[in-house]
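The values are calculated or read from the model by the stated rules, or taken from the named source; none is laboratory data. Being a predicted model, the structure only gives us computed values, none of them experimental. Reconstructed Cβ throughout: ideal geometry from the backbone, glycine too, with neighbour counts over all protein chains shown.
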Amino acid sequence: MRLRVTFSKKGWLIYSSHLDLMRVWERALRRAGVALAYSGGYHPRPRLQLARALPLGHVGEREPIDVWLDEPVDQREFSQSLVPVLPEGLKLRQVQEVRSGAPAMQTQVVATEYRVRVDWDQPAKTAKTRIAQMLAETEITHTRRGKRYNLRPLIERLELEDVSEERAVLHMRLSARPGASGRPEAVLDALGLGDAFARYHRTRVMLKATG
Amino acid sequence: MQVDLEKLERILPTVQKPGRYVGGEYNSVVKDWNAITTRVCLAFPDIYDLGMSNLGLMILYRILNDLPDVLAERAYLPWVDMITAMRGAGMPLYSLESKRPLGDFDIIGISLPYEQVYTNALEMLDLAGIPLRSDEREGSHPLIVAGGHATFNPEPMAAFFDGFVIGDGEEAMVELVEVYRATSGLRREARLKALAQVRGVYVPRFYRVRYAEDPSPGMGERGPIAAIEAKTPDTPLPVVKRVVRTLPPPTTRLIVPTIDVSHNRAAIEINRGCTRGCRFCQAGMAMRPVRERPVEEIIQATDTILRQTGFEEIGLLSLSPSDYSQIDTLVKRMVERFADEHLSISLPALRADSFSVTLAETIAGGRRTGFTFAPEAGSDRMRATINKSIPSRQVFDVVSEVFRRGWQTIKLYFMIGLPGEEMEDVRAIVEMVKTVHMIGRRVHGRQAQVNVSVNTFVPKPHTPFQWVGLDGSRSIRDKQALLRREIRGRGLKLDYNDPEASMLEAVLARGDRRLAEVIHQAWALGARFDAWDDQRDFGAWMRAFAKTGLDPDLYAYRQRSPDELLPWEVVSTGVRKRFLLREYERSRRREELSDCREECHACGILTAFQGESSPVWCCPEPDPEATKDR
Ligand code: SF4
């Protein structure tokens with residue numbers, strides 16, 4: 001049986017890396033006593049798959065993980081045994097069954113959505129103009145680890161929600177296809193906010209199947 | 001008041017592994033700060049990654065948090081990047097649970113598992129804004145106490161701590177907390193006085209050390225110790241370490257880290273103490289008597305640990321697992337019981353006998369990682385000197401069995417610099433390694449791998465070698481050069497200690513109260529993380545010695561005479577000096593002493609803890625012949 005569990009990762013737990021998170025899940029599921037399916041071999045690992053790595057320090061609001069079980073369980077029962085043993089910062093949002101033959105989630109991600117709160121000491125009007133200017137471009141050259149690429153097509157949406165007390169709240173949807181994946185840090189950088197302190201909330205990981 | 005969390009949030013993205021500094025792990029305990037009268041912070045003076053696998057700290061954390069009116073939180077020493085960031089931001093060292101500055105606690109218990117953390121302990125106090133020296137602190141400051149293995153010689157750190165818990169901490173720490181609470185209305189001096197009455201607690205300020213009028217160079221104006229005195233008649237001298245009669249129930253609600261740490265697994269102690277009597281081993285001498293945990297208790301606790309933590313691996317902790325009387329039953333039952341739960345089991349190095357191979361095979365199932373043995377010395381005669389007598393023949397037989405059963409990698413532990421060691425003994429290490437490698441190649445061809453770890457022996461207090469000086473640095477370098485020359489090439493890997501690190505370890509292990517000045521100076525000059533090869537600042541230590549006029553060589557290399565009063569005699573482990581001396585003499589005659597599980601050699605433990613002993617202790621009835629030694 002394959003379950004798709006949607007969860008949030010918040011609080012101090014955001015300082016656990018992607019690999020750490022896999023382990024956090026593995027141990028939580030073991031505490032819950034669910035019949036995890038394991039890979040074979042001398043070093044069996046539980047079968048778990050996260051859709052897309054959540055960078056260190058980012059809050060995840062609705063992150064999906066696929067969990068394979070050896071025995072079918074009732075989804076409600078699954079949640080009931082899991083909720084009390086989750087560590088601080090991890091919350092269950094939804095549990096759904098997925099066809100076991102369904103393609104791996106990593107291959108299905110098309111976009112990610114972010115809400116970013118960033119220090120920005122500009123009046124709302126200036127900020128809005130700056131964003132509009134940027135979106136009007138067809139090419140925004142960005143460099144990461146020595147590689148130059150065009151950031152603009154990766155920004156599917158970018159909106160300013162609010163500016164107050166020198167902080168701006170931005171919404172963005174970034175393309176997340178293989179080889180064409182946008183990072184919110186790059187967007188801030190392009191806005192001239194590369195050094196500003198920001199809090200990143202990934203609000204959605206969009207999969208092909210779910211829209 | 002909590003530290004400024006907003007500031008912290010801005011610091012965290014700028015440092016490596018910020019998960020070290022945030023707490024919130026599963027099974028960590030956050031109590032209502034204002035509802036609790038006594039607040040204890042358990043501090044580990046090295047980074048989180050190492051401190052999280054310290055079972056002693058975890059045990060005390062549980063015991064204290066189980067008391068209704070006490071809370072216990074944790075702090076680890078931040079890594080250098082975080083220290084710099086915190087100092088830059090004016091943020092004091094805080095506890096992981098409540099994020100309170102350490103200065104807000106009533107008691108800070110610092111764990112001193114080994115000597116190389118001494119400057120780190122000072123760094124923690126300073127980062128917390130707490131005066132370093134006990135006599136600079138006042139009633140408003142927390143009580144600063146230490147526990148852990150290094151406190152068997154508390155003297156080098158005596159100036160910095162208000163008290164030391166010597167020996168098993170489970171009961172003593174609770175008593176200490178209770179006495180401290182009960183005396184809360186009193187002046188600081190009176191409270192410390194009361195603490196000094198807790199069995200196993202050493203409060204340095206109530207002792208005076210006199211030095212002989214020996215103007216030998218390097219000892220300042222003063223020579224070796226002439227007398228150790230208690231300032232008042234009701235102060236115990238020596239302070240006898242604490243022992244728990246039986247091992248308290250194992251801690252099962254272990255904290256589960258949310259980042260990767262070293263030894264990222266559960267742990268359970270299967271026995272405490274060791275009867276082998278290896279003469280170099282401080283733990284083996286100082287942690288007597290042997291107390292075993294029943295098989296049933298271990299199995300039950302493992303089951304509970306599994307359910308409460310979800311760990312996928314458990315380490316069975318022991319100084320010598322092969323000596324656990326029912327190791328065979330234990331391992332078989334563990335494997336049987338937890339096979340379906342995907343729990344792997346790990347054991348420390350086993351003795352080199354054929355039984356160990358079967359044991360390891362049972363634990364490993366089909367897996368074959370490395371197989372570890374610790375022959376400790378290369379030649380039969382050196383092994384007789386240290387009382388770890390396994391004939392080389394036997395090592396080779398076992399190794400060949402290990403290779404044949406599918407292991408391709410063997411790890412061997414040796415020591416150099418043992419008393420009476422000659423170059424030929426070091427050559428014997430080389431021979432042994434080469435023979436082992438050859439045996440491996442016969443079975444696995446070029447896949448055979450032998451990893452060799454050669455530690456420099458540092459003579460430790462409370463052992464039969466406590467009088468011996470560290471082997472000279474010239475000699476050590478020559479021995480290491482020989483090993484480097486000979487142990488190399490495909491399938492062989494060698495590692496050994498930096499001689500400067502060993503020298504520092506020896507100085508700190510063998511020091512007296514005067515060393516506090518050096519430690520303080522070295523820290524002020526920037527020494528910290530002395531156990532880390534890439535951080536150790538040996539130059540700072542040498543400058544500190546020069547400034548204080550003390551000679552490090554006299555601490556590290558001097559052979560001490562049997563009638564010299566040793567700094568650590570202010571503490572008693574229960575093992576008599578007389579017994580240690582006889583053992584030292586026997587070592588020079590290369591005479592072995594049998595495992596005292598079979599016959600008691602009257603080391604003094606049973607006398608020291610008369611009335612406290614229990615049938616679960618592994619000491620047999622003392623042999624009247626041996627007791628003649630008294
Ligand atoms: S009292 Fe006897 S049996 Fe017990 S540890 Fe000492 S020598 Fe061994």
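Observations
- Residue check, A:LEU50 surrounded by 18 or more Cβ atoms within 10 Å (Cβ to Cβ), within 25 Å of B:ASN264 (Cα to Cα) and away from chain B (no Cβ under 12 Å): yes
- Which listed residue, of A:VAL73, A:VAL59, is in contact with a strand residue (DSSP E or B) (Cβ under 7 Å, 6 or more places away or on another chain), surrounded by 14 or more Cβ atoms within 10 Å (Cβ to Cβ) and more than 8 Å from every other protein chain (Cβ to nearest Cβ): A:VAL59
- Restricted to region A:167-181, and to residues there that are closer than 14 Å to A:ARG152 by Cα and out of contact with any helix residue (DSSP H, G or I) (no Cβ under 8 Å at 6 or more places or on another chain), the residue that is modelled with the lowest pLDDT is A:ALA176.
- Region B:553-578, residues that are within 14 Å of the ligand (Cβ to nearest atom) and either in the same structural domain as B:GLN282 (by TED's automatic domain parsing) or touching an Asp or Glu at 6+ places or on another chain (Cβ under 7 Å) (or both): B:ARG578
- The condition (being closer than 14 Å to B:ASP104 by Cβ, β-branched (Val, Ile, Thr) and away from chain A (no Cβ under 14 Å)) is satisfied by just one residue among B:ILE47, B:ILE36: B:ILE36.
- In this structure, A:ARG27 does satisfy being closer than 24 Å to B:GLU313 by Cβ, in contact with a helix residue (DSSP H, G or I) (Cβ under 9 Å, 6 or more places away or on another chain), within 14 Å of chain B (Cβ to nearest Cβ) and basic (Lys, Arg).
- In region B:97-120, the residues that are aliphatic (A, V, I, L, M) and within 20 Å of B:TYR180 (Cβ to Cβ): B:LEU102, B:ILE107, B:ILE108, B:ILE110, B:LEU112
- Residues being away from chain A (no Cβ under 14 Å), within 20 Å of B:LEU347 (Cα to Cα) and outside any strand (DSSP E or B) - total across region B:264-281: 7
- All positions within region A:76-100 that are within 15 Å of the chain's Cα centre (by Cα) and either away from chain B (no Cβ under 14 Å) or modelled with pLDDT under 95 (or both): A:LEU92, A:ARG93
- Residue that is nearest to the ligand (Cβ to nearest atom), among those in region B:257-281 that are in contact with a helix residue (DSSP H, G or I) (Cβ under 7 Å, 6 or more places away or on another chain) and within 18 Å of B:LEU60 (Cβ to Cβ): B:GLU269
- Count - residues of region B:225-236 that are in a loop (DSSP other than H, G, I, E, B) and either in contact with a Ser or Thr (Cβ under 9 Å, 6 or more places away or on another chain) or of a type in the set (Asp, Glu) (or both): 1
- Sole residue being assigned by TED's automatic domain parsing to the domain that holds B:ILE225 and either basic (Lys, Arg) or closer than 30 Å to B:SER318 by Cβ (or both), chosen from B:HIS149, B:HIS141: B:HIS149
- Residue within region B:607-621 that is β-branched (Val, Ile, Thr), near the ligand (Cβ under 10 Å from one of its atoms) and either over 27 Å from B:SER475 (Cβ atoms) or away from every other protein chain (no Cβ under 14 Å) (or both) present: yes
- Single residue of B:GLU296, B:GLU313 found to be acidic (Asp, Glu) and in contact (Cβ under 8 Å) with a residue 12 or more places away in the chain: B:GLU313
- Scope region B:311-366; condition of a type in the set (S, T, N, Q), surrounded by fewer than 17 Cβ atoms within 10 Å (Cβ to Cβ) and more than 24 Å from the chain's Cα centre (by Cα); matching residues: B:GLN326, B:THR329, B:SER354, B:THR358, B:THR362
- Whenever a residue of region B:604-630 is at pLDDT below 80, its partners that are more than 9 Å from the ligand (Cβ to nearest atom) and part of a loop (DSSP other than H, G, I, E, B), lying with C-beta atoms within less than 8 angstrom and at least six residues away or across chains, give the pairs B:VAL616/B:ARG245; B:VAL616/B:THR246; B:ARG630/B:ARG576.
- Residue check, A:PRO103 surrounded by fewer than 19 Cβ atoms within 10 Å (Cβ to Cβ), away from every other protein chain (no Cβ under 14 Å) and free of Cβ contacts under 8 Å to residues at least 24 places away in the same chain: yes
- Looking across region B:282-296 at every residue that is in a loop (DSSP other than H, G, I, E, B) and away from the ligand (no atom under 12 Å from the Cβ), the one that is surrounded by the most Cβ atoms within 10 Å (Cβ to Cβ) is identified as B:ARG293.
- Any hit, region B:221-242, residues being charged (D, E, K, R) and within 30 Å of B:LEU55 (Cβ to Cβ): yes
- Checking each residue in region B:511-533 for being touching a Leu at 6+ places or on another chain (Cβ under 8 Å) and surrounded by fewer than 21 Cβ atoms within 10 Å (Cβ to Cβ) picks out B:GLU517, B:HIS520.
- Applying the criterion of at least 3 residues that are surrounded by 12 or more Cβ atoms within 10 Å (Cβ to Cβ) to the strands (runs of 3 or more DSSP E) found wholly in region A:119-211 leaves A:155-164, A:167-177, A:198-207.
- Candidate set from region B:302-326 (those that are in a loop (DSSP other than H, G, I, E, B) and within 17 Å of B:ASN27 (Cα to Cα)); member that is nearest to the other protein chains (Cβ to nearest Cβ): B:GLY310
- Set side by side, the residues B:LEU494, B:LEU482, B:LEU470 differ, and just one is outside any helix (DSSP H, G or I) and without any contact (Cβ under 8 Å) to a residue 60 or more places away in the chain, which is B:LEU494.
- Checking each residue of region B:11-30 against the condition of being more than 14 Å from chain A (Cβ to nearest Cβ) and surrounded by fewer than 22 Cβ atoms within 10 Å (Cβ to Cβ) gives no match.
- Taken together, the criteria place B:VAL454 among residues that are buried (at least 22 other Cβ atoms within 10 Å of the Cβ), in contact (Cβ under 8 Å) with a residue 40 or more places away in the chain and part of a strand (DSSP E or B).
- Region B:509-536, residues that are part of a loop (DSSP other than H, G, I, E, B) and in contact with a Lys or Arg (Cβ under 6 Å, 6 or more places away or on another chain): B:LEU525, B:ASP530
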